[in-house]
């Protein structure tokens, strides 16, 4: 028979720790931001080849948009487009988080390994949040265009000197600067609050998009000054990287992407009950000779 407890008190079963409990948010200092950037730079130097594969899209995107948006001179939108990279950057840096995760775990980390992020169980959630950031980016560009039209109408600037004179020497131009920067600041705050650690969290713990955004909000609420400083660092680096025709973003984006992973590690406590990572099985490679039979997989077995 089991040994009775003293006083005939019936023991109460202690619940096991919930593996799905909310992540523990830690307080950080401004010095932690500097350390995250330093570690991010180390990752970038260790795997420099991925800059071409993952980040060349930024200069290309900037140049294409500068020629095609709305079908006419887009000088008024060049600054909003450059600033808008801060909204899309957290999603575009998915592969960079994976490389930093691999280096941290002592696993092989090369440019090609960045593509392994698509095999994450939470990749669908990442796409969902990325779509939200894309919608935020499009809304920001449309809003910036509306602000410019409200200030100067639909007449296009004759060139860069004419545009600079409009903006810097007229009352409408200063109104445009103040209102545009103020509205852009609001967009940046929203993006920062919902995504500062969302994508690293989804990659590391396979969290859903909703839980990841809530955790990011908790991080900002717990560390308002460091997060404000981080947002300023991101804005300044993206602005500097955009100056030479967006080409500097090929260095700035990898640096910020890797640094974001290390910032996540500092502000979120390690998971006490990590879940095993079960990647999606790789697709079977097929030759061109299988087409069009490859379209009908149920007929390929046993030659039927």
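The values are calculated or read from the model by the stated rules, or taken from the named source; none is laboratory data. Keep in mind the model is a prediction, meaning the values are calculated, not measured. Cβ sites come from the backbone with ideal geometry, for glycine too, and all protein chains shown count toward neighbours.
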Is it fair to say residue 275 is modelled with pLDDT under 75, exposed (fewer than 11 other Cβ atoms within 10 Å of the Cβ) and out of contact with any helix residue (DSSP H, G or I) (no Cβ under 6 Å at 6 or more places or on another chain)? no
Scanning region 100-111 for residues that are touching a residue at least 12 places away in the same chain (Cβ under 8 Å) and more than 16 Å from residue 201 (Cα to Cα), which turns out surrounded by the fewest Cβ atoms within 10 Å (Cβ to Cβ)? 110
Say whether the condition of being within 23 Å of residue 97 (Cβ to Cβ), modelled with pLDDT of 85 or more and either loosely packed, with under 11 Cβ neighbours inside 10 Å or touching a helix residue (DSSP H, G or I) at 6+ places or on another chain (Cβ under 8 Å) (or both) is met by at least one residue in region 281-296. no
Somewhere in region 252-267, is a residue modelled with pLDDT of 85 or more and loosely packed, with under 11 Cβ neighbours inside 10 Å? no
Counting only residues in region 23-47 that are part of a loop (DSSP other than H, G, I, E, B) and modelled with pLDDT of 85 or more, the one surrounded by the most Cβ atoms within 10 Å (Cβ to Cβ) is identified as 23
Would you confirm, using the coordinates I've provided, whether residue 161 is in contact with a strand residue (DSSP E or B) (Cβ under 9 Å, 6 or more places away or on another chain) and either on the phi < 0 side of the Ramachandran plot or modelled with pLDDT of 95 or more (or both)? no
Could we say that residue 156 is surrounded by fewer than 20 Cβ atoms within 10 Å (Cβ to Cβ), part of a loop (DSSP other than H, G, I, E, B) and out of contact with any helix residue (DSSP H, G or I) (no Cβ under 6 Å at 6 or more places or on another chain) here? yes
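Picking from 217, 232, which residue would you name as being surrounded by fewer than 19 Cβ atoms within 10 Å (Cβ to Cβ) and at pLDDT 95 or above?
217
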Is it the case that some residue within region 222-231 is in a helix (DSSP H, G or I) and in contact with a strand residue (DSSP E or B) (Cβ under 7 Å, 6 or more places away or on another chain)? yes
